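Below: one structure in C-alpha cells.
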Amino acid sequence: MTENFNDAVVTEDELAHLGEGTVAYLREFDSDDLKERFPGMPDMASGTRLWAVFAADGRPILLADARASALAGAMQNDLTPVSVH
C-alpha cells in the first residue's frame with residue numbers, strides 16, 4: 001500500500017515553526033564568516049574554526065570550539081542535533 005502525500009498542505013506559518021523546540025542545526029564556520037553574519041561578535045583570531053548551533057528558526061544558540069561540545073550543548077537543551085553541510 002502506498003500513501004499519496006500530494007494532498008498534504010502545509011501553511012507558511014506551519015513550515016516556519018517546523019522543528020521548533022526539538023531540532024538544532026550544527027555547522028562549522030570560520031570566525032571571519034561568523035563575524036560577517038553576526039556583527040556583534042567579539043574579536044577573535046582570523047581563521048579560527050568554530051561550531052555553531054542554531055535553533056530550527058535559524059536563531060543562534062551557542063558557539064563551540066569543537067564539534068563534540070556543540071553536540072553536547074544541543075543535547076543538554078533537549079534538542080536533536082543535525083548537521084548542515
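The values are calculated or read from the model by the stated rules, or taken from the named source; none is laboratory data. Bear in mind the structure is a predicted one, so any value in this text is a computation, not a measurement. Note: ideal-geometry Cβ built from the backbone for every residue, glycine included; neighbour counts use all protein chains shown.
Scan the range 38-60 residue by residue and report those that are among the hydrophobic types (A, V, I, L, M, F, W, C) and within 8 Å of the chain's Cα centre (by Cα).
The first filter runs over the range 38-60 and keeps only residues among the hydrophobic types (A, V, I, L, M, F, W, C), leaving 38, 41, 44-45, 50-56.
Once the filter is applied, which keeps residues that are among the hydrophobic types (A, V, I, L, M, F, W, C) and within 8 Å of the chain's Cα centre (by Cα), the range 38-60 yields ALA52, VAL53, PHE54, ALA55, ALA56.
Moving on to the next point. Within the range 25-37, how many residues are over 8 Å from the mean Cα position of the chain (by Cα) and either assigned to a loop (DSSP other than H, G, I, E, B) or not aromatic (Phe, Trp, Tyr) (or both)?
Looking only at that region, the number is 9.
Among (1) within 11 Å of TYR25 (Cβ to Cβ); (2) of a type in the set (Lys, Arg); (3) surrounded by 11 or more Cβ atoms within 10 Å (Cβ to Cβ), which single condition is ARG59 missing?
Only one criterion is unmet by ARG59, namely (3).
Restricting to the range 46-55, name every residue that is surrounded by 12 or more Cβ atoms within 10 Å (Cβ to Cβ) and not in a loop (DSSP other than H, G, I, E, B). Lay out the reasoning, then the answer.
First, the residues of the range 46-55 that are surrounded by 12 or more Cβ atoms within 10 Å (Cβ to Cβ): 48, 50-55.
Correct list: LEU50, TRP51, ALA52, VAL53, PHE54, ALA55.
Got at least one residue in the range 56-76 being polar (S, T, N, Q), outside any loop (DSSP other than H, G, I, E, B) and modelled with pLDDT of 90 or more?
Within the range 56-76, one or more residues are polar (S, T, N, Q), outside any loop (DSSP other than H, G, I, E, B) and modelled with pLDDT of 90 or more.
Still on this structure: Are any residues in the range 5-20 surrounded by fewer than 10 Cβ atoms within 10 Å (Cβ to Cβ) and either modelled with pLDDT of 70 or more or part of a loop (DSSP other than H, G, I, E, B) (or both), and if so, which ones?
We begin by selecting, within the range 5-20, every residue surrounded by fewer than 10 Cβ atoms within 10 Å (Cβ to Cβ); these are 5-15.
Across the range 5-20, the qualifying residues are PHE5, ASN6, ASP7, ALA8, VAL9, VAL10, THR11, GLU12, ASP13, GLU14.
OK, next. Among what's in the range 63-85 and is more than 12 Å from the chain's Cα centre (by Cα) and farther than 14 Å from GLY21 by Cα, pick the residue that is surrounded by the most Cβ atoms within 10 Å (Cβ to Cβ). Spell out the reasoning first.
So the first thing to find is which residues in the range 63-85 are more than 12 Å from the chain's Cα centre (by Cα), and the list is 64-69, 72, 75-78.
Subsequent filtering for residues that are farther than 14 Å from GLY21 by Cα retains 64-69, 72.
Working: ALA64: 17, ASP65: 11, ALA66: 11, ARG67: 14, ALA68: 10, SER69: 15, ALA72: 15.
Per the stated criteria, the residue is ALA64.
Additional query: List every residue pair whose Cβ atoms sit under 7 Å apart, with the two residues 6 or more apart in sequence or on different chains, where the first one lies in the range 30-58 and is within 29 Å of ASP13 (Cβ to Cβ) and the second, anywhere, is surrounded by 12 or more Cβ atoms within 10 Å (Cβ to Cβ) and of a type in the set (D, E, K, R).
From residues that are within 29 Å of ASP13 (Cβ to Cβ), the pairs are ALA52/ARG27.
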